[in-house]
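Undergrad: My structure is below; once you've seen it, I'll send some questions.
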Amino acid sequence: MRIVTATAAVLALAGQAAPAAAGHQPTTDGIWRMDGYGTVLAIRNGTLQEYQTTAVSCLEGDAARRTGPSTYTLPDGTVLTVRNRGDRGSVRVAGSVGDRNLRRIPELPDACASPAPKGPLASFDVFWQSFEENYPFFAAKGIDWHAVRDRYRPRVHAGTTKDELYDVFSEMVRPLHDAHVAVQDGDRLFAQGRPGTVMPTEGWDSEVKKFIVARDLKNARNLQDFANGRITYADLPGGQGYLRISGFSGYTGDGGYAAQLAELDTALDTVFGQGRTRSLKGLIIDLRINGGGSDALGLHIAGRLTDIPYLAYSKRARNDPADPTRHTRPQPAYVTPAHGPRYTGPLAVLTGGSTVSAGETFTQALMDRPGKTVRIGQPTQGVFSDVMSRKLPDGMSAWLPNEEFLTRSGRTFDGTGIAPHLTAPVFTKEEFGKKRDSAFDTALNILRTYGGAAG
């Protein structure tokens, strides 16, 4: 899940990394308003400063230092690329997909030049307004956000403690059941997933992995971990392959996207090398516990699974604070065949409620993949957007989504998740108790029916 990765704090500016063009670059210095995202950027003297804006506030967000002609680097190592086209421009951030359009403005909004409001009531207003202007899914979830304000604001006054305010904010967003919504106060974090699902944790992942190795892979060959254990591969006895991906981040100790990508390619060159792609009789990709991370890394893996370029999805963001039905122009994201070794044969993709965020955008990127691809298990969690991190006047933070990932026909899967073609239980107590893995067994049987070698 993005909101627990090292790059979470900058996802309000997320986009796909791109190298700076050689030669003369028009200056990016100035004040820029982002299309959607409630964000203004001030670039001057080698520093990029984010301002998080609403109709009632302007708070300083992240700051990045210039590290190249068009690049700025945040304290956690994340690289932003800013492009200038006169009065228009764009910003991209390593590890995400798409970019954010920018428009020059003459000066910072008036609210940015005034001291930030303080106190519990100011924090409440900024919290409520941030969701009011950016959250896309109130109608789909049957939530009257104005009624929420009317109910909870009378509970907040000058003497409200931070603990009480944290509880109020948590109660306000609890009915959303949105895994990309969170309230943070220091080490405290309120977040929850879709009812009936289990959110990925390191302990849960370790427990499931032990079960899979002991049960599903007991007779497998060439069992190997890659990328800090986030990726596992094994050759199954019947000639099929098993590829488990537990996340799209944390592949190296270096949090930078370039290092993550290099580590991923090292793993994929091994997995799909040594003539394996010519002999595989099907591949299981296990995403049943996947905490998300970088959408771009997911697209990169998808590029190892096709010889034909195709549309993965299109991405748009809410961009009118007063109208939740208005969005930015959808930006298409394509799967491009990789230059390295590729596998194009039958796939069985295992998913469940613990398939979250970038695990879901990767699942979506495989939906129109050329060739046989079948999804097995349970619906994914139902959260696709990058996460906006919004600072509040009292030091707390709110996290929320503001984007939609669209299929070719314009459909989204927010809230419900992507459904499997074939339903099977996923890591239930009964499955564990009887040492069963119905989704894995179904996938193996399906791949056997496809039969034959895939190149």
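The values are calculated or read from the model by the stated rules, or taken from the named source; none is laboratory data. The structure presented is a predicted model; accordingly, all values stated were derived computationally and were not measured. All Cβ positions, even for glycine, are placed from backbone atoms using ideal geometry, and neighbour counts span all protein chains on display.
Undergrad: Tally the residues that are closer than 29 Å to Asp125 by Cβ, of a type outside the set (A, V, I, L, M, F, W, C) and in contact with a strand residue (DSSP E or B) (Cβ under 7 Å, 6 or more places away or on another chain), restricting the search to the range 48-82.
TA: Here the count works out to 8.
Undergrad: Exactly one condition in (1) in contact with a Gly (Cβ under 9 Å, 6 or more places away or on another chain); (2) over 20 Å from Pro309 (Cα atoms) is false for Arg342; which is it?
TA: With (1) in contact with a Gly (Cβ under 9 Å, 6 or more places away or on another chain); (2) over 20 Å from Pro309 (Cα atoms) applied to Arg342, the lone miss is (2).
Undergrad: Which numbered condition in (1) in contact (Cβ under 8 Å) with a residue 12 or more places away in the chain; (2) outside the structural domain of Leu223 (by TED's automatic domain parsing); (3) within 25 Å of the chain's Cα centre (by Cα) is the only one that Val208 fails?
TA: Failing condition for Val208: (2).
Undergrad: Given the condition charged (D, E, K, R), buried (at least 22 other Cβ atoms within 10 Å of the Cβ) and touching a strand residue (DSSP E or B) at 6+ places or on another chain (Cβ under 7 Å), answer yes or no: does some residue in the range 232-250 qualify? Walk me through how you get there before you give the answer.
TA: So the first thing to find is which residues in the range 232-250 are charged (D, E, K, R), and the list is 235, 244.
Filter once more, keeping what is buried (at least 22 other Cβ atoms within 10 Å of the Cβ): 244.
Pick out the ones that are also touching a strand residue (DSSP E or B) at 6+ places or on another chain (Cβ under 7 Å) and you get 244.
Yes - at least one qualifying residue is present in the range 232-250.
Undergrad: Being of a type outside the set (Asp, Glu) and within 22 Å of Arg174 (Cβ to Cβ) is the filter here; which residues of the range 414-439 pass it? First the steps, then the outcome.
TA: Going residue by residue through the range 414-439, those that are of a type outside the set (Asp, Glu) are 415-429, 432-436, 438-439.
Passing the criteria: Gly415, Thr416, Gly417.
Undergrad: What pairs can you find where one residue is in the range 168-189 and assigned by TED's automatic domain parsing to the domain that holds Met396 and more than 16 Å from Asn134 (Cα to Cα), the other is surrounded by fewer than 19 Cβ atoms within 10 Å (Cβ to Cβ) and of a type in the set (A, V, I, L, M), and their Cβ atoms are less than 9 Å apart, with a gap of 6+ or different chains?
TA: Matching pairs, first to second residue: none at all.
Undergrad: Let me ask something else about it. Tell me, which residue of the range 253-301 that is buried (at least 18 other Cβ atoms within 10 Å of the Cβ) and of a type in the set (S, T, N, Q) is nearest to Gly340 (Cα to Cα)?
TA: Thr277
Table: residues versus (1) within 17 Å of Gly61 (Cα to Cα); (2) polar (S, T, N, Q); (3) not assigned by TED's automatic domain parsing to the domain that holds Arg33.
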| residue | (1), (2), (3) |
| --- | --- |
| Asn84 | no, yes, no |
| Asp87 | no, no, no |
| Arg92 | yes, no, no |
| Arg100 | yes, no, no |
| Arg103 | no, no, no |
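Undergrad: Here is a follow-up. Which one of these does His300 not meet: (1) under 17 Å from Thr363 (Cβ atoms); (2) touching a residue at least 40 places away in the same chain (Cβ under 8 Å)?
TA: Status for His300: all satisfied but (2).
Undergrad: Residues that are surrounded by fewer than 20 Cβ atoms within 10 Å (Cβ to Cβ), modelled with pLDDT under 95 and touching a Gly at 6+ places or on another chain (Cβ under 8 Å): does the range 17-28 have at least one?
TA: yes
Undergrad: May I pose another question? Suppose we filter Ala63, Ala94 for residues that are out of contact with any Pro (no Cβ under 6 Å at 6 or more places or on another chain), hydrophobic (A, V, I, L, M, F, W, C) and touching a residue at least 40 places away in the same chain (Cβ under 8 Å); which single one remains? Lay out the reasoning, then the answer.
TA: Values: Ala63 fails: touching a residue at least 40 places away in the same chain (Cβ under 8 Å).
Unique residue meeting the criteria: Ala94.
Undergrad: Still on this structure, I have one more. Look at the range 153-190 and say how many of its residues are within 27 Å of Glu360 (Cβ to Cβ) and basic (Lys, Arg).
TA: Residues flagged as within 27 Å of Glu360 (Cβ to Cβ) and basic (Lys, Arg) within the range 153-190 amount to 2.
Undergrad: If you don't mind, another one. Go through the range 102-145 and give me each residue that's exposed (fewer than 12 other Cβ atoms within 10 Å of the Cβ), out of contact with any Asp or Glu (no Cβ under 8 Å at 6 or more places or on another chain) and farther than 25 Å from Val91 by Cβ.
TA: Ser114, Pro115, Ala139, Gly142, Asp144
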